[in-house]
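Nothing in this text is a laboratory measurement; each read-out follows from the coordinates by a stated rule. This structure is a prediction, so every number in the text was calculated from the model and none was measured. In this analysis, Cβ positions are derived from the backbone assuming ideal geometry, glycine residues included, and neighbour counts consider all displayed protein chains.
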Amino acid sequence: MTGTAVLLFTADLRVHDNPALAAVADAPVAPLYVDDPGRRTNPNRRRFTLDAVEDLRDSLRALGADLVVRRGDTVAQVMDVLAATGATGVVCADDVGRFETDLRRRLAEACRAASVSFTLTHGPSVLDPGRVLPSGGGDHYKVFTPYWRAWSQARWREEAPEPARLRTPDLPRSDRLDAEPTAADLPRGGERAALARLDEWDPDGYGTDRDDLAADRTSRLSAHLAAGCLSARSLAADPRVPEAAVRQLCWRDFHRQVLAAFPALVDTAYRRGAADEWDTAPAALEAWRLAAPGSASWTRGCAGSPPKAGCTTAPASSAPDTSPARSASTGARAPSTSRATSSTSTRRTTGATGSGRRGPAATPGRTAASTTNARPPASTPTAPTAAAGARRDRRPASSRPC
């Protein structure tokens with residue numbers, strides 16, 4: 001890009017391996033972050049994000065630039081900064097999700113109306129959605145194992161270089177962003193905190209103990225990845241990161257490509273033909289709250305209906321338990337069932353270097369967002385097995401949760 005560009009930071013709050021930043025490094029740039037009230041969040045996440053924004057501003061200042069921070073509708077703020085700086089284009093990273101997709105569509109339309117360019121670069125995934133597709137056809141993978149095989153064998157993009165210096169025009173004002181009270185032990189967000197956490201992480205035992213809550217073997221990098229303080233592509237290529245953790249990054253990409261193909265997934269059933277029909281009448285809701293089997297216990301943290309002996313949190317209820325899982329003849333609870341599942345693990349294909357990670361390949365940046373309204377995919381339910389419900393809780397009765 002030759003003219004001044006507005007660089008919109010979204011879920012890429014870092015300067016290392018940032019394709020959007022690299023795309024404008026040779027031109028005057030007006031970096032911008034918008035705290036959009038339309039984006040669903042919570043106080044803890046917002047505080048973490050604002051930490052990351054503050055850290056990003058420090059990093060940009062070290063490169064000779066700065067960061068404009070605004071509060072409001074993202075498109076309106078981008079166009080305001082565009083006019084104030086005389087920029088001729090807008091650049092940001094691609095992303096998935098209903099809010100993210102709609103935002104990029106609106107940005108593309110606004111830029112088109114203003115006769116300026118709009119460029120999307122690689123997003124937060126290791127492999128962008130659509131980079132690997134099922135051999136049998138379709139716009140995305142619906143099963144993880146074949147996706148893992150294809151993902152493991154694909155060539156990744158080149159790591160984006162960090163610019164040595166940046167040039168900026170006269171930048172307009174910034175807004176003051178105040179965070180709400182948060183949890184006392186909330187970790188600090190930001191690129192420096194993310195890289196420090198990566199250095200502190202001991203991956204020994206991650207593959208076997210990451211699901212053991214007492215073992216504390218997780219990386220604690222998820223929040224940094226979500227905010228873009230850490231590059232997923234750089235993390236996947238880091239030789240210190242075990243294959244088990246790389247596989248988790250693949251899981252992340254798998255769900256991102258599902259969401260890209262089916263943006264309504266956040267509130268619509270993924271299975272073809274599934275009906276989302278709810279009775280929202282106040283009377284129906286009240287009847288469910290008072291009389292539905294187990295509902296009173298469930299809302300107070302008790303899983304049983306009626307409450308198990310010794311439970312002190314569920315109220316006594318005279319409502320009969322009409323659950324279909326209870327035998328009509330004896331009143332005994334029928335055996336529970338669950339769907340049979342199977343998992344298959346695949347070793348990563350080892351490249352010429354023996355690292356097990358494919359070498360990078362450059363892929364040009366993309367322009368103009370497009371929204372895909374894909375039909376929900378079909379699924380075939382697996383047969384339930386009685387054995388799956390035969391597990392017993394072997395803990396002493398006094399230690400089991402009610």
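For region 148-270, what is the convex hull volume of the alpha-carbon atoms per residue, in Å³?
222 Å³
Which FRET efficiency, nearest 0.05, do A214 and A184 yield, Cβ-Cβ r, R0 25 Å?
Approximately 0.65, to the nearest 0.05.
List every residue whose amide H lies under 5 Å from the amide H of R71, counting only residues 5 or more places away in sequence or on a different chain, with H placed 1.01 Å from N in the peptide plane.
Sorted by chain and number, the residues that satisfy this are D35, D175.
So if I place +1 on the C-beta of Lys and Arg and -1 on the C-beta of Asp and Glu, and nothing else carries charge, what would the dipole magnitude of region 148-206 be about its Cα centre? I want it in debye, nearest 20.
With Lys and Arg at +1 and Asp and Glu at -1, about 400 debye.
Dipole of region 195-246, Cα-centred, from +1 at each Lys and Arg C-beta and -1 at each Asp and Glu C-beta, to the nearest 20 debye? Numbers along the way, then the final one.
Values: 6 positive and 10 negative charges, 59 e Å.
With Lys and Arg at +1 and Asp and Glu at -1, about 280 debye.
Where Rh denotes the Kirkwood radius from the mean inverse Cα pair distance, what is Rg over Rh for region 224-267?
My calculation of the ratio gives 1.06.
Rounded to a whole number, what is D in µm²/s for region 165-212 from Stokes-Einstein with the Kirkwood radius over alpha-carbon pairs (4 °C, 1.567 mPa s)?
Rounded to a whole number, D works out at 83 µm²/s.
Add +1 for every Lys or Arg and -1 for every Asp or Glu among the other residues with Cβ under 10 Å from the Cβ of A20, and state the total. Before the final figure, lay out each step's value.
On the way: positive: none; negative: D12, D94.
Charge balance near A20 sits at -2.
Give the residue from T2, H16, P37 lying farthest towards the positive end of the charge dipole for region 1-85; charges sit on Cβ (+1 for Lys and Arg, -1 for Asp and Glu) and the dipole is referred to the Cα centre.
Final value for the positive-end residue is P37.
Compute the semi-axes of the equivalent ellipsoid of region 32-112, taking the square root of 5 times each eigenvalue of the Cα gyration tensor, and list them largest first in whole Å.
The three semi-axes for region 32-112 are 20, 19, 11 Å.
Report ³J(HN,Hα) in whole Hz for each residue of region 91-104, in order, from the Karplus equation J = 6.51 cos²θ - 1.76 cosθ + 1.60 where θ = phi - 60°; Gly and Pro get x.
10, 7, 7, 6, 7, 10, x, 4, 5, 5, 5, 5, 4, 5
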